[in-house]
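FYI, it's all coordinate maths here, none of it is from the lab. Predicted model only: the values in this text are computed from it and were never measured. Reconstructed Cβ throughout: ideal geometry from the backbone, glycine too, with neighbour counts over all protein chains shown.
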Amino acid sequence: MIENIGIEQFLILSTLMFFIGVYGFLVRKNLITMLMSVELILNAVNINFVAFNKYYYPENLQGHFFAMFVIAIAATEVAVAIAIIISLYRKIRTIDVEQVDEMKY
Amino acid sequence: MTTDQFFLMRHEILLVAVGVIVLVMDLMTTPATKHRIIPVAIVLFLINTIIGFLPIETGKIFGGMYRTDDITILMKNALNIGVFIIFLQSAEWLKNHEEKFNSYGAYFFIVIASLVGMDYLISSGDFLMFFIGTELATIPIAALVAIEKAKIKSSEAGVKLILSAALSSGITLFGISLIYGTTGSIYFAEVSKVFDGNSLQILAFIFIFAGVAFKISIVPFHLWTADVYEGAPINITSYLSVISKASAFFILIILLYKVFYVIPEIRNNILYATSILTMTIGNLFAIRQQNLKRFLAFSSIAQAGFVLLGIIGGTQIGFASVVYFLLIYVFSNLGAFGVVAAISNATGKENIDDYNGLYRTNPKLSLVMMLSLFSLAGIPPVAGFFGKFFLFMSAAKQGYFILVLIAVVNVTISLYYYLLVVKAMFINEQENPIERIDSDMYTKIGLAICAAGILAIGFFGTIFDFINSKAFGSM
């Protein structure tokens with residue numbers, strides 16, 4: 001099955017995901033959605049790592065390990081981010097990023 | 001791996017031990033006795049700092065993932081001293097905000113956890129350790145920035161920090177994945193062997209540079225800085241602007257010298273452009289700030305621009321001058337933040353106008369502030385001058401005269417706004433200046449260490465020679 005799929009497909013998918021993530025992060029107004037965009041970026045990275053490892057460097061496992069660490073660390077990042085967002089929500093009753101403007105230039 | 005090799009990580013092991021001891025002792029306190037953890041934590045950290053100076057073997061473990069050399073250890077000791085001063089300065093803030101903390105142990109533990117991350121970051125020998133170190137350094141800090149639950153600003157700063165940190169680490173990771181794809185390794189040593197500078201690798205370099213530049217708040221990536229610095233509790237602000245920045249600079253040098261030395265033109269062009277942008281924009285924004293925390297935030301952005309000057313040629317003396325500058329920067333910036341923290345804790349005032357006539361009521365605080373600002377501005381007798389001098393010299397040696405000229409113009413501009421604060425303290429008058437502040441013993445010791453450091457480092461030329469003998473140039 002996988003023999004029919006070249007690495008190009010994986011790379012196109014991951015690049016698309018990466019830029020969709022960056023676009024979503026910049027455009028979305030909801031803090032949780034922005035966090036989801038970051039997850040898209042991190043998962044694009046994971047696809048990259050695993051695809052490179054599988055196709056180009058099957059003799060070592062560095063890419064697989066890296067992907068596992070990225071997953072674990074992304075989880076911790078989200079845990080802290082959600083905690084902070086909840087503590088913000090308790091005060092201003094919204095998670096719209098336009099309302100988070102106490103400090104400005 | 002034998003025990004001997006394991007103890008190459010002595011700095012990190014000690015820090016973890018201190019953190020765990022503080023956490024366990026914290027469990028034994030009751031609400032009535034919880035303040036006792038503060039001196040315990042400070043003394044334990046002092047012991048850790050002193051042990052850090054004992055001689056230690058160097059080498060690498062985990063197949064090269066972790067490596068130490070003399071200059072790494074020097075940097076770790078500098079970070080230890082910085083965090084020790086921050087702990088001294090935060091004692092009063094912790095006592096003032098007693099109702100917000102069920103216990104103080106968490107505060108110390110989170111700062112130490114983040115410091116462990118930075119130690120691993122500057123010791124990293126491959127991209128996996130680099131990534132884990134950055135995240136371990138950043139995530140706890142975001143929690144600390146948002147620790148003041150009653151203030152909207154604090155949570156807002158926390159959200160801004162964690163979201164932009166997440167984006168930046170995502171971008172760095174994408175760069176690392178491209179490096180892995182094109183070279184087949186994540187170890188610095190192996191990557192640099194097969195790195196040939198094709199366009200995909202240059203893209204990867206730019207992504208990685210962007211991620212690290214975010215941590216240092218170099219100009220196109222600086223937008224989070226002022227807001228986070230203003231909203232965070234002031235001791236955390238000083239942690240972010242000094243410790244976090246210094247360690248990120250160190251790893252940037254390691255990356256540029258050990259991995260990306262194959263593409264010197266691109267590296268130098270990027271550093272050239274960002275250096276000019278960072279100095280100029282940091283200065284121009286610093287002029288119009290009234291809040292001292294924001295003021296110091298932008299001034300620290302401008303300082304980052306000067307540091308880039310030293311890295312640009314990839315020389316050994318550049319490396320040494322950056323480490324020397326960072327050492328001075330730790331003392332001078334912590335001195336300035338210490339005074340702002342002492343005054344903010346006592347009166348809640350943080351604006352430059354509030355400092356009018358400060359010298360009449362608080363001569364000692366004003367003097368320390370003046371010393372720190374002179375050192376940041378680079379006025380000759382104090383250490384900051386020598387730091388800047390070596391940075392400019394190393395850039396001039398490479399023939400970047402126009403860049404040095406721009407930097408000197410920027411130093412002059414920065415002198416203007418640093419002196420505005422000094423003028424407010426010493427010359428301006430107001431009807432009811434800030435009353436006489438009686439800081440506690442911790443703050444006094446902290447400020448005394450800063451003042452001594454600022455004065456001493458400038459006068460002992462051997463320090464620079466020592467750093468220079470440990471530094472290395474681009475491969």
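Take the Cβ-Cβ distance between residue B:419 and residue B:347 as r, set R0 to 30 Å, and report the resulting FRET efficiency rounded to the nearest 0.05. Show your work: numbers first, answer last.
Numbers: r = 23 Å, r/R0 = 0.78.
Efficiency for this residue pair is about 0.80.
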- Message: 7 Å from Cα along Cα→Cβ at both residue B:53 and residue B:35: what's the point-to-point distance in nm?
- Response: 3.1
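If a helix is a whole DSSP H run, which ones in chain B reach 30 Å or further along their own axis (Cα) and hold a mean Kyte-Doolittle hydropathy of at least -0.5?
Qualifying helices, which must be both long enough and hydrophobic enough, are B:70-96, B:152-183, B:264-287, B:316-347, B:401-426.
What number, in nm² with one decimal, is the all-direction average of the projected area of the convex hull of the alpha-carbon atoms of the stretch B:1-43? List each step's numbers first, then the result.
Details: hull surface 14.2 nm².
With the hull built on Cα positions only, its mean projection is 3.5 nm².
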- Task: Can you check what the net charge comes to around residue B:150, using other residues whose Cβ is under 11 Å from the Cβ of residue B:150 (Lys, Arg +1; Asp, Glu -1)?
- Result: +4
- Which residue, A:61, A:40, A:31, has the most motion in a Gaussian network model of chain A that connects Cα atoms within less than 10 Å? A:61
- Item | Within straight-line cross-link reach of residue B:349, lysines at Cα separation under 17 Å, skipping those fewer than 8 residues along the same chain | B:151, B:153, B:293
- Gaussian network model of chain A, Cα within-10 Å springs - most flexible of A:84, A:12, A:73: A:84
- In nm, spacing of pseudo-spin labels at residue B:459 and residue A:7 (7 Å Cα→C-beta vector): 6.1
- Query: Regarding the protein assembly as shown, what are the three Cα extents along the principal axes, ordered largest first, in Å?
  - Reply: 81, 56, 50
- Query: Which whole-number percent of Cα pairs in chain B have a distance greater than 37 Å?
  - Reply: 22
- Item | Restricting the stretch B:98-181 to GluC sites (Glu not before Pro) in coil, as DSSP defines it, with at most 15 other Cβ within 10 Å | none
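How large is the dipole of chain A about the Cα centre if only Lys and Arg carry +1 and Asp and Glu carry -1, each at its Cβ, rounded to the nearest 20 debye? Don't skip to the answer; put the middle values down first.
Numbers: 7 positive and 9 negative charges, 85 e Å.
Value, rounded to 20: 400 debye.
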- Item | Ellipticity estimate at 222 nm from DSSP helix runs (n ≥ 4, -39,500 (n - 2.57)) divided over the protein assembly as shown, nearest 500 | -25000 deg cm²/dmol
- Item | Descending Cα extents along the principal axes, the stretch B:263-475, whole Å | 58, 34, 23
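Calculate, in nm to one decimal, what residue B:153 and residue B:287 gain on full extension: separation in residues at 0.36 nm each, minus their alpha carbon distance.
Values: separation 134, 0.36 × 134 = 48.24 nm, distance 2.27 nm.
Taking 0.36 nm per residue and subtracting the Cα distance, the gain is 46.0 nm.
Net charge around residue B:8, counting only other residues with Cβ within less than 14 Å of its Cβ (Lys, Arg = +1; Asp, Glu = -1)? Show your work: numbers first, answer last.
Numbers: positive: B:10, B:60, B:67, B:76; negative: B:4, B:12, B:57, B:69, B:70, B:119.
Summing Lys and Arg as +1 and Asp and Glu as -1 gives -2.
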- Which angle between 0 and 90 degrees, to the nearest 10, do you get for helix A:7-27 versus the longest principal axis of chain A when only C-alpha atoms count? 10
- Message: Testing the spin-label approximation: label points 7 Å from Cα along Cα→Cβ at residue B:193 and residue A:76. State their distance in nm.
- Response: 3.1
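Using R₀ = 41 Å, calculate the FRET efficiency as 1/(1 + (r/R₀)^6) where r is the Cβ-Cβ separation of residue A:96 and residue B:96; round to 0.05. Each step should come with its number before you reach the end.
Working: r = 33 Å, r/R0 = 0.80.
Step by step, r from the Cβ atoms, then E = 0.80.
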- Item | Equivalent ellipsoid dimensions for the stretch A:7-99 as semi-axes, Å, which come from the Cα gyration tensor, largest first | 32, 16, 5
- Cut-off 18 Å (backbone N to label point 7 Å along Cα→Cβ of residue B:367), residues of the stretch B:383-418: B:383
- Message: Among A:48, A:60, A:30, which one shows the highest mean-square fluctuation when chain A is modelled as a Gaussian network with alpha-carbon springs under 10 Å?
- Response: A:60
